[in-house]
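Quick notes on the structure that follows.
Just so you know, all these numbers are worked out from the coordinates, no wet-lab data involved. None of these values were measured; they are calculated from a predicted model. Virtual Cβ from ideal backbone geometry, glycine too; neighbours counted across all protein chains shown.
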Amino acid sequence: MTEYNAPSNIAKPGGVIGILGGGQLARMLAMAAAQIGHKTHIFCPDARCPAADVCATITNAPYTDEAALRQFAKTVDVVTYEFENVPAETVSFLTECGAIVRPGARALEKAQDRLHEKDFLNQIGVATAAYHGVDDLHSLEAGLAKVGRPAILKTRRLGYDGKGQTTLTDSDQDLPGAYDKAIQFAWDEVGAAPSILEGFVPFQCEISIIGARSADGDIRLYDPVENVHRSGILKTSTVPTAITEATAQKAAAIASSILSALDYVGVIGVEFFVLSNGELIVNEFAPRVHNSGHWTSDACAISQFEQHIRAVAGWPLGDPARHSDAVMENLIGSEAAAWQSLAAEPNACLHLYGKSEARPDRKMGHVTRIS
Ligand SMILES: Nc1ncnc2c1ncn2[C@@H]1O[C@H](COP(=O)(O)OP(=O)(O)O)[C@@H](O)[C@H]1O
Ligand SMILES: [Mg+2]
């Protein structure tokens, strides 16, 4: 372990950043950490994960392996994670072993459970879709009476890229028995798991803000981006957006209040729905670097990845100002096979994640076109 002077300044150059998870986000975090002199130690069950190619050390073990976690905690200056579904027990065990985990358990607990997340947002005065906790068919019916149709039923935990979600429309209400069937179908679709029913938000567009908070409470935000999804998966992020300055300022204020309320350290991604009157509804937040922030690698001096490493290492945050306009496009499934033409395109910054198998819906890389 490296020495440190102040509790916030915990990893000097040459220090070791521990990362739970080894996907493309961990890969890009590890490359950013290396740029400012850190080493990374990846903890991931999968030996062939994208981050394996670029880290100094990797431990391949289940997140429940206490001996491996204890050893991991000994070798790192600080621990962070690349996905919000790391088991809470893993984080509390690492903390018991003396590791500093950033962002902390509070942010993780809120972000892991869509119901707790929405309760938290409303408690701090941030508007969300109307929602109702669902544990069975009875509470699903009560939820429909409360939020109306169309509505979206989502599992409380473990959903991503639109998985674990189903929509209840109002088209099937009139047929005899159709209502009961539709409810049963939706409940089966989410695997009869504890869920949340959300009223459908008739948004004009979706935006997100990538923000960071340092250990001493400094907050820096990147420009808002407009996001377009395809089959529940992010397809493009475009910056600048067409939203008004007033809406952008409101979004920035909301992102800041979430960071402060969570006593957050690190980068966060906050997703918003923008209504036609310019009002904002928060959809969700991710306690980590975010896919809609990938453009920062090529259009800002300090990327979201470096910003996150700076924050968790106790460093001063970098300048999030944007030097270029950018459109980030995810390369999903077979789309990355076009790497040769993408590589030949002017002003296109190609990022490939080193995944060998291009399954449909799998994020293989992204390209950011700057101007
Ligand atoms: N309440 C809602 N109203 C309208 N659209 C929604 C709602 N919830 C989700 N969506 C759409 O589905 C996408 C994925 O949902 P989200 O809750 O962000 O799940 P995930 O965790 O999979 O990203 C959103 O970006 C949005 O396009
Ligand atoms: Mg989302």
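A few comments on the model shown:
- With the simple model of a label 7 Å out from the Cα in the direction of the Cβ, VAL201 to ALA321 spans 3.1 nm.
- Whichever lysines have a C-alpha closer than 22 Å to that of LYS163, once near sequence neighbours (fewer than 8 apart) are set aside: LYS110, LYS118, LYS154, LYS181, LYS235, LYS355, LYS363
- Net charge over other residues, Cβ less than 15 angstrom from the Cβ of ILE17 (K, R count +1; D, E count -1): +4
- Taking a Cβ cut-off of under 14 Å around HIS229, the surrounding Lys, Arg, Asp and Glu residues balance to a net charge of -3, with basic ones at +1 and acidic ones at -1.
- Rounded to whole Hz, the Karplus (6.51, -1.76, 1.60) HN-Hα couplings of region 348-363, x for glycine and proline: 9, 9, 8, 10, 10, 9, x, 8, 7, 10, 8, 6, x, 6, 8, 6
- Using equal-weight Cα scatterers in the Debye expression, the normalised intensity of region 205-370 in log10 at q = 0.09, 0.12, 0.14, 0.17 Å⁻¹ is -0.30, -0.53, -0.72, -1.03.
- Inter-part distance where region 124-175 and region 202-220 are each reduced to a Cα centre, Å: 26
- Potential extension, ALA88-SER139 segment - 0.36 nm per residue separation minus Cα distance: 15.7 nm
- Simple spin-label estimate for ALA246 and SER231 gives 4.0 nm between the two label positions (7 Å along the Cα-to-Cβ direction from each Cα).
- Computed over neighbours whose Cβ is under 12 Å from that of PHE93, the net charge equals -3, Lys and Arg +1, Asp and Glu -1.
- For region 7-97, the direction-averaged projected area of the alpha-carbon convex hull comes to 5.4 nm².
- Cut-off under 5 Å, modelled amide H: who pairs with VAL134 long-range: SER195, ILE196, LEU197
- Amide H partners (placed H, <5 Å) of THR59, local residues excluded: ILE42, PHE43, CYS44
- Rough spin-label spacing in nm, given labels placed 7 Å along Cα→Cβ, for ALA105 and GLU189: 3.6
- Using the empirical formula 2.2 N^0.38 Å as the baseline, the Cα radius of gyration of region 130-199 reaches a ratio of 1.00.
- Projected area, mean over directions - the chain, Cα convex hull, nm²: 18.9
- Highest-MSF residue in the chain out of HIS308, HIS38, HIS138 [GNM, Cα springs under 10 Å]: HIS138
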